[in-house]
Amino acid sequence: MKEEKLILVTNDDGYDSKGLVAAVEVARAFGRVVVVAPETTQSGMSQAITMYNPLYLRCVRKEEGLEVYSFSGTPVDCVKMAFDYLLRDERVDLVISGINHGSNSAVNVLYSGTMGAAIEGSFYDCPSVGLSLDDHGADADFEAAVVYGKRIVRSVLEKKVELPLCLNVNVPVGKPGELHGIRLCRQNRGFWREEFYRHEDPRGRAYFWLTGDFVNGEPGAEDTDEWALAHGYVSIVPVQVDLTDYRQLAALANVLE
């Protein structure tokens, strides 16, 4: 009999989101599941942590093989709460963050609360997978994300992987049979160009809404996550935390000598 795995699930869309239900479906195929997810939406929180406000933990649901907690902090706070308090005496075998409403490809990995939580999980020498679906709609169909999520998680759990490991997985829109498979990719060099829309409240004070458009910096490159998504492939980008620009080290040695 195989040893039961312990899977931590979190996200940035909140403990009651449709995508979290889908992530739990993926996780329950492999063992016991503990969910620690934000009380409210925490999209765009990246690696943010809560330092100057109290944090509140609430048990939402408990049944055989599944515990669900809502937490008043950020996605990274949720991972820290799980590893350093709730599960500090247990070994977590895998972290799943998601399934996010909307892709986290390209530069979005830096802004994403979903990926912030997955990266945090990897700090504990625990394999971590951030799962995202390229659909922001409230009625998004997560079937393909669940199917491919199970396939990827099974591979990570059953095969020897080098730690730390954090995977940024993005699934295009479509039924499982309509997708073309999985592609290991690099991160696209795209960026956002934002706009601020100015309005005035009833007292005449200015306020702003942020919006913007994504600019694909290399639309012809076929080895990126953006290309994979656009062509019906599930993209997988292994993510590392080291932000050192190694290409600049030698050049700067001459400039700064």
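The values are calculated or read from the model by the stated rules, or taken from the named source; none is laboratory data. Here the structure is a predicted model, which means the values were calculated and not measured. Please note: Cβ atoms are built from the backbone with ideal geometry, for glycine as well, and neighbour counts cover all protein chains shown. The accessibility values were calculated without ligands, DNA or RNA, using every heavy atom of the protein model including side chains. Shrake-Rupley method; radii C 1.70, N 1.55, O 1.52, S 1.80 Å.
Just in segment 14-85: which GluC sites (Glu not before Pro) are loop by DSSP and have at most 12 other Cβ atoms within 10 Å?
Values: sites: Glu25, Glu39, Glu63, Glu64, Glu67; in loops: Glu39, Glu64.
Answer in residue order: Glu64.
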Task: Protection proxy ranking, peptides 6-14, 26-34, average beta carbon neighbours within 10 Å, highest first - done: 6-14, 26-34
Task: Dipole magnitude of the chain, debye to nearest 20 (Cβ charges: Lys/Arg +1, Asp/Glu -1, about Cα centre) - done: 360 debye
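Mind checking Rg over Rh on segment 201-257, alpha carbons, Kirkwood formula for Rh?
Working: Rg = 20.4 Å, Rh = 16.4 Å.
With Rg and the Kirkwood Rh in hand, the quotient comes to 1.24.
Mean separation of Cα pairs under 8 Å and 6+ residues apart, divided by the residue count of segment 1-71: what relative contact order is that in percent?
Values: 114 pairs, mean separation 24.4, N = 71.
It comes to 34 percent, rounded to a whole number.
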Open item on the list: Going by amide H atoms built from the backbone, whose H comes under 5 Å of the H on Asp135, apart from near neighbours?
Closed with: Gly102, Ser103
TODO: Please label the shape of segment 11-68 as rounded, prolate or oblate, based on the square roots a ≥ b ≥ c of the eigenvalues of the alpha-carbon gyration tensor (a/c under 1.5 means rounded; beyond that, a/b larger than b/c means prolate, else oblate).
DONE: prolate
Task: Compactness of segment 1-153 - radius of gyration and Dmax, Cα, Å - done: 14.0, 47
- [ ] Please say if segment 71-206 is rounded, prolate or oblate, where rounded means a/c under 1.5 for a ≥ b ≥ c the square roots of the C-alpha gyration tensor eigenvalues, and otherwise the choice is prolate for a/b larger than b/c and oblate otherwise?
- [x] oblate
TODO: Distance check, please: which entries in Lys5/Lys80; Lys62/Lys150; Lys18/Lys175; Lys5/Lys62; Lys80/Lys159; Lys5/Lys175 exceed 21 angstrom between their Cα atoms?
DONE: Lys62/Lys150; Lys80/Lys159; Lys5/Lys175
Task: Built amide H within the under 5 Å cut-off of Val107, gap 5+ - done: Gly190
TODO: Using a 1.4 Å probe and counting only protein heavy atoms, arrange Thr40, Thr50, Thr114 so the residue with the most accessible area comes first.
DONE: Thr40, Thr50, Thr114
- [ ] Read phi for every residue in segment 5-11 and hand back ³J(HN,Hα) as whole Hz from Karplus 6.51 cos²θ - 1.76 cosθ + 1.60, θ = phi - 60°, with x for Gly and Pro.
- [x] 8, 10, 10, 9, 10, 8, 6
- [ ] Express the relative contact order of the chain as a whole percentage, based on alpha carbon pairs under 8 Å and six or more residues apart in sequence.
- [x] 17 percent
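Under 25 °C and 0.890 mPa s, how fast does the chain diffuse according to Stokes-Einstein, given a Kirkwood radius computed over C-alpha pairs? Answer in µm²/s, whole number. The partial results should precede the final answer.
Values: Rh = 19.2 Å.
After rounding, the answer is 128 µm²/s.
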Open item on the list: Over segment 98-242, what is the relative contact order in percent, taking alpha-carbon pairs closer than 8 angstrom and at least six residues apart?
Closed with: 28 percent
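When the helix-only estimate is applied to the chain (DSSP H runs of n ≥ 4, each -39,500 (n - 2.57), divided by the residue count), what is the mean residue ellipticity at 222 nm, nearest 500 deg cm²/dmol?
Values: 7 runs with 64 residues, N = 257.
Rounded to the nearest 500, the figure is -7000 deg cm²/dmol.
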TODO: Return the carbon/sulfur percentage of the accessible area of segment 68-158, one whole number, probe 1.4 Å, all protein chains in place.
DONE: 46 percent
Open item on the list: Would segment 127-257 count as rounded, prolate or oblate if I go by the C-alpha gyration tensor, calling it rounded below 1.5 in a/c and otherwise prolate when a/b exceeds b/c, oblate otherwise?
Closed with: oblate
Open item on the list: For segment 167-257, what does the accessible surface come to per residue with a 1.4 Å probe? Please give it in Å².
Closed with: 71 Å²
Task: the chain - share of DSSP beta bridges that are antiparallel (%, nearest 5) - done: 40 percent
